[in-house]
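A short worksheet on the structure shown next.
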Amino acid sequence: KSRVTMLSSRRRPRLCSVLHLIFLFIAILILPNNTLSLRARASRIDAETTTSSGSPSDAISTETVLSNSHPIPILGVGAGNIPHQKIPLIISSSLTSPISTRLYDTSRSSSNEALVARAILRGMKLYSKLNESDRTGEEKTIHIVTKVWYTHLGYERTNLSVRESLNNLSPVLTSALKGWTVKIHVLLQWPRCYDDIDWMNCEEEEDALDEHTKSVGASPLLDREGAWKDSWKALEELYEAGILESIGISNFRYADMMELLDVCNVKPHIYQGNLWNLVFDKDLVELLTSNNILFQAYNVMNSVINQHDDTPKAFKILEKIASSYVDTESNQPFSVSRLLLAWLMQRGVGVVVGTSSQEHLTDNSPANVQKFPPLLSRHETDIETAVGAVLKKIDLTDFHYSGDDPDKGVIITFYNAFSKSVKVFLLSNNGIQVPVSSYMEPGKSNRIVAQPEDVFVVYDVYGTAVKKFLVMADHGGEETFSIEEQ
């Protein structure tokens, strides 16, 4: 029985020969819409040459480099939704071995910046106590990302918001222990308040602001298209003054990103977005990649792990893949959460994970995720397909799992050079046509894992058969099918 697996991301070949360079150049030309084709900020290891147990040399990089050449941890703790009473223990314990977190994400709207700062200072003291014999003198750096809420958009209000954040974070900024450095990154959390987003209460939140904030600058509701631009100017000045390590944005849509890149003097260094942006918003991801902007994903676990009841088959695929990789130290299979983090980090995607559980904090720590070996490309295919199904809440079928054997199946690339949107169907052995893609717009591409001698039929939006393809490659091979005018 043929099995088909959707794939939006292509494997990145190892650039070790002229032949591979030529192949990569061709791939870029014909596959411009790759969902996860992010810049390789971390070392990309060829997954096809490794086993599922990996080796120390295959370790995932826990640090990446921003476009301003400043390093930043690729995995951190998101403190935004941690209950306030749990922040001291979660944050302080995360600084010490074996967790060793060095990146913390918070925001003005979370009202916990001061708590996070005191917890980090507590963690520094705990680290020093546990490592009294450490005489290396190695400098240790903590990164804190905080964000400006949409009520504080506009030049004056953004300056006020950043000053208040720095004041809240002052316990760790002014009292950091010897050998520790703290660096601050600030993002605009939203470009504006949206009336059509249910949980946003634009007028009510503005009315609830204190009189000092209202007197500092005009309400951003009076200039929803321009207030964030003035905010960005404020962040640029703070960055150029050396007060901030980097600046960025969160939840900006493609059109706003295009406008920001057109008017800015300093390009954003970080973009915080959710998994939906990463998997489905190809244009946005491509724009960020081309401008060397780090994608930092949030709400990853809640988007996938906590939604497994809606898509049990998709989640089962993730469990199967995770169980096929073994932690060589514990001789236990990896968890789905660690699989997801490895999947993102191996592509240079930053992640901030919120948790109030000590067990989850340890399981999702940089040191533990680093143990995950490079993923086989078949598994990359299945993970993206399963994650996409969970996000859309449309469960999968047996056709969406390529199995555990990396030598089975043929990677097929469909490129739509046709003038209309098209959809690809597998012609099964019993004559039933099974859809294996959503509609692909002209110029878009899609990749699947098929079987030798599979037959595919392509239809346009009017239900007219455009072309038929036969898979000629053997297991482990690749083929590219261009859908063109007849």
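Where a number appears in this text, it was derived from the coordinates with a stated rule and is not lab data. It should be emphasised that the depicted structure is a prediction, and the values quoted were computed from it without experimental measurement. Note that each Cβ is placed from the backbone with ideal geometry, even for glycine, and that neighbours are counted across all protein chains shown.
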If R₀ is 30 angstrom, what is the calculated FRET efficiency for the pair residue 225 and residue 441, using the beta carbon separation as r and rounding to 0.05? 0.60
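For segment 194-267, what is the convex hull volume of its Cα atoms per residue in Å³? It would help to have the intermediate numbers written out before the result.
Working: hull volume 8.9 nm³, N = 74.
For segment 194-267, the hull spanned by Cα atoms encloses 120 Å³ per residue.
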All alpha-carbon distances of segment 268-330, grouped into 5 Å bins from 0, give the whole-percent distribution 4, 15, 18, 17, 14, 16, 12, 5, 0
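Assign one of three labels to segment 302-389, namely rounded, prolate or oblate, based on the Cα gyration tensor with a ≥ b ≥ c the square roots of its eigenvalues; rounded applies when a/c is under 1.5, prolate when it is not and a/b is larger than b/c, and oblate otherwise.
Numbers: a/c = 1.40, a/b = 1.15, b/c = 1.22.
The shape class here is rounded.
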Rg(Cα) of segment 238-369 divided by 2.2 N^0.38 Å? 1.23
Which Rg and Dmax, in Å, describe the Cα atoms of segment 61-148? 13.5, 41
Where the centre of each part is set by its Cα atoms, how far does segment 196-253 sit from segment 263-329, in angstrom? 26 Å
Reciprocal mean inverse distance between Cα atoms of segment 409-486 - Kirkwood radius, Å: 12.4 Å
According to the square roots a ≥ b ≥ c of the eigenvalues of the Cα gyration tensor, what is the shape class of segment 71-113, taking rounded for a/c under 1.5, prolate for a/b larger than b/c otherwise, and oblate for the remainder? oblate
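On average, how much area does the Cα convex hull of segment 79-228 cover when viewed from any direction, in nm²?
The directionally averaged projection comes out at 9.9 nm².
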What span do the alpha-carbon atoms of segment 343-486 cover on each of the three principal axes, reported in whole Å from largest to smallest? 59, 30, 27
Mind pulling the per residue volume of the convex hull built on the Cα atoms of segment 139-225? Å³ is fine. 109 Å³
